[in-house]
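Everything on this sheet refers to the single structure shown next.
The values are calculated or read from the model by the stated rules, or taken from the named source; none is laboratory data. These numbers come from a predicted model, not from an experiment. Every residue, glycine among them, receives a Cβ derived from its backbone with ideal geometry; neighbour counts consider all protein chains shown. Protein only, heavy atoms only, side chains kept; ligands, DNA and RNA dropped before computing areas. Shrake-Rupley method; radii C 1.70, N 1.55, O 1.52, S 1.80 Å.
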Amino acid sequence: MKEKGQGAERERVNFLLPTFAFLLGCAMAAGAMAQQYPAKPVRIVVPFAPGGGTDVIARFLATGLSESMKRQFIVENRAGANAIVGTEFVARAPADGYTLLFVSSPHSVNPSVYPKLPYDTLRDFAPVSMVASSPYFLVVHPSLPVRNVKELVALAKKRPDQILYSSGGSGSSAHLSAELFNQMAGVKLREVPFKGAGPALLGVLTGEVSLVFGNALTVKPHIESGRLRALGIASAQRSKSAPDLPTIAEAGVPGYRSDAVLGLLAPARTPRAIIDTLNAEAHKVMRQPASVEAMHGMAVDIALSTPEEFGRLIESEMNRWGKVVRALNLKPE
């Protein structure tokens, strides 16, 4: 009986050995992959037009990663359909760490606005890290005769549907920020959609439209030059880079908040070893004193996370903006 039991145990061990060897081989391969990654240039897709806040921060990160990892990280703009074109491209890319996606708020908003996206916002991507958060500034062309939020609200009530605001398209951050403002302030500003955040900002700079909820990074230089007038900041608290600028909530629309969350994603099933490498390198780049100073100068807050934390944040933002979209009954144009 003892010999029979020992024989059965040997058979069980012999059966498990190939499985163990396979798993060990996979672990060793993943470790080797992480050690030699990246072995060639890495593409970071920005699903927006060049010149917007997301694009600028992505290029800053790409430059830092290129220096840190000794391989070129190249930003590629694939704008269209409020970030859907570029996002779908990355969702279908090989899960090898050489095609990444740099996202902003529309990534969490689009599932509520577009019921039939060509990808699944949660399942088709592997979060790498949150990188930064950036509040939107409510800015107007100097020709608009208002100097604060209360004056804008009063003028908008006298001129319903006559004051024009620019956006990067239906469902974009600028669009939702303005429509949330309409709802909470009891006014009716009228949208003029442009093809991206950069063109939307240009529309205000030229006076084609009167105002925009613009990314802090891109509007701040124009505020300082006097080409734009800032009325308020859309974050919950005042910005350290513009401490004298009141929040929209404290300036006349209680409870108002709208800010951008920016971060890095990879295609789903990208090896965890590569995800961890990218996470660590992104954190190292953004924690450099030069990075802190640069982000502060652009009114951007550095906000880092684990992959899991970033994934949970995306899901919570989807739920938060989903409620806004449903309340406003927004539909894609």
Consider the stretch 76-96. How many of its residues are in a loop (DSSP other than H, G, I, E, B) and not hydrophobic (A, V, I, L, M, F, W, C)?
6
Residue within the stretch 302-314 that is of a type in the set (A, V, I, L, M, F, W, C), part of a helix (DSSP H, G or I), loosely packed, with under 14 Cβ neighbours inside 10 Å and touching a strand residue (DSSP E or B) at 6+ places or on another chain (Cβ under 9 Å) present
no
Checklist (1) surrounded by 22 or more Cβ atoms within 10 Å (Cβ to Cβ); (2) closer than 23 Å to Lys150 by Cβ; (3) under 23 Å from the mean Cα position of the chain (by Cα) applied to Gly196, failing item:
(2)
Cross-chain or 6+ apart pairs with Cβ under 8 Å, the stretch 86-104 first and closer than 11 Å to Ala266 by Cβ and polar (S, T, N, Q), then in a loop (DSSP other than H, G, I, E, B) and open to solvent by 10 Å² or more (accessible area, probe 1.4 Å):
Thr99/Ala93
Could you check the stretch 97-112 and list, in sequence order, the residues that are part of a loop (DSSP other than H, G, I, E, B) and either modelled with pLDDT under 95 or open to solvent by 10 Å² or more (accessible area, probe 1.4 Å) (or both)?
Tyr98, Ser104, Ser105
Pull up the stretch 130-157, narrow it to residues that are under 15 Å from Leu228 (Cβ atoms) and of a type in the set (Ser, Thr, Tyr), then point me to the one that is most open to solvent (accessible area, probe 1.4 Å).
Ser143
The lone condition Lys323 fails out of (1) modelled with pLDDT under 95; (2) touching a helix residue (DSSP H, G or I) at 6+ places or on another chain (Cβ under 7 Å); (3) in a helix (DSSP H, G or I) is (2)
Ala91: open to solvent by less than 40 Å² (accessible area, probe 1.4 Å), at positive phi and hydrophobic (A, V, I, L, M, F, W, C), yes or no?
no
Where a residue in the stretch 291-308 is more than 18 Å from Glu281 (Cα to Cα) and its partner, wherever it lies, is surrounded by fewer than 18 Cβ atoms within 10 Å (Cβ to Cβ) and hydrophobic (A, V, I, L, M, F, W, C), with Cβ under 8 Å and at least six apart:
Ala299/Ala242
Is the stretch 170-181 home to any residue that is polar (S, T, N, Q) and either more than 22 Å from the chain's Cα centre (by Cα) or part of a helix (DSSP H, G or I) (or both)?
yes
Scan the stretch 243-253 and give yes if some residue there is assigned to a helix (DSSP H, G or I) and closer than 25 Å to Gly169 by Cα, otherwise no.
yes
Test: Thr277 is under 18 Å from the mean Cα position of the chain (by Cα), farther than 25 Å from Ile233 by Cβ, open to solvent by less than 60 Å² (accessible area, probe 1.4 Å) and hydroxyl-bearing (Ser, Thr, Tyr)
no
With respect to Gly207, determine if the residue is farther than 16 Å from Ala299 by Cα, touching a residue at least 60 places away in the same chain (Cβ under 8 Å) and within 19 Å of the chain's Cα centre (by Cα).
no
